[in-house]
């Protein structure tokens, strides 16, 4: 696949929905990985607060701070020349009051994000509306919202009853009215995701929500086989990079311990290169 030539902008996602083109999203946390996925042609790089789990080793996302998100967002933005960079607003960075949410979202934008993502429905409508009003694009997130993991009783499927399904659809419409440019739907029934997608003008991005959303997102460490913990059942793993790194590290250790690396020839070649 040829390297993409143009920057993906927020309006392009809605245009893709209108054309029936699927939107591709993966999480990114550093410059190097972001650059690789960007070269492959990914539409959106989400700097997810999932980094708290897959990068920093926490059990959930709640301990991730705004400073951490700003630093990782800046790293991803330096690696992404074409993809749209969206940054998660971490726990308590937007729930306290609208003014604080504006300041915190502004830091992420100044750090390199083109948009921010917030979790929740009716409780964040005012925040979404205000951010959009001052020019900060907002992505919504409904269904399994990881920042509410304790209230939800764990990482479990959501909207399993007709009442909760109707409530999710109402909240999706409210977010759309508030001006969000897309909505992540996580761990909800496929038919509900299909219904929400059909009734919204803005694109939906599914994760564990079936094939009917306008796009899909996965945690890159899961889908590339880098995360050593349990992987959600809806994840398709396209590589086992963790195993490859493990074997490469073992080979390096063995070479150093047995004296196979570095060799005299490699030292001499290194000296020649330094002298040029």
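Laboratory data are not the source of any read-out in this text; all were calculated from the coordinates shown. Just so it is clear, the model here is predicted, and its values are computed rather than measured. Glycine also receives a Cβ, built like all others from the backbone with ideal geometry; neighbour counts cover every protein chain displayed.
Observations on the model:
- Working note: Cα atoms of the stretch 194-251, range along each principal axis, descending, whole Å: 54, 17, 13.
- Eigen-decomposition of the gyration tensor built on the alpha-carbon atoms of the stretch 60-100 gives equivalent ellipsoid semi-axes of 22, 12, 8 angstrom, largest listed first.
- With 10 Å bins from 0: P(r) over the stretch 69-170, alpha-carbon pairs, percent: 15, 42, 31, 12, 1
- Distance from the stretch 235-256 to the stretch 136-157 (C-alpha centre basis), Å: 33 Å
- Per-bin percent of Cα-Cα distances, the stretch 10-239 [10 Å]: 8, 36, 41, 15, 0
- Here the stretch 1-113 is treated as a sphere whose radius is the Kirkwood value from Cα pairs; by Stokes-Einstein at 4 °C and 1.567 mPa s it diffuses with a coefficient of 89 µm²/s.
- Rounded FRET efficiency, nearest 0.05, which uses the C-beta distance separating residue 256 from residue 96 and R0 of 45 Å: 0.30
- What the Cα convex hull of the stretch 135-276 gives, in volume per residue, is 196 Å³.
- Computed extension gain for residue 263 through residue 152, at 0.36 nm per residue and net of the alpha carbon distance, reaches 34.2 nm.
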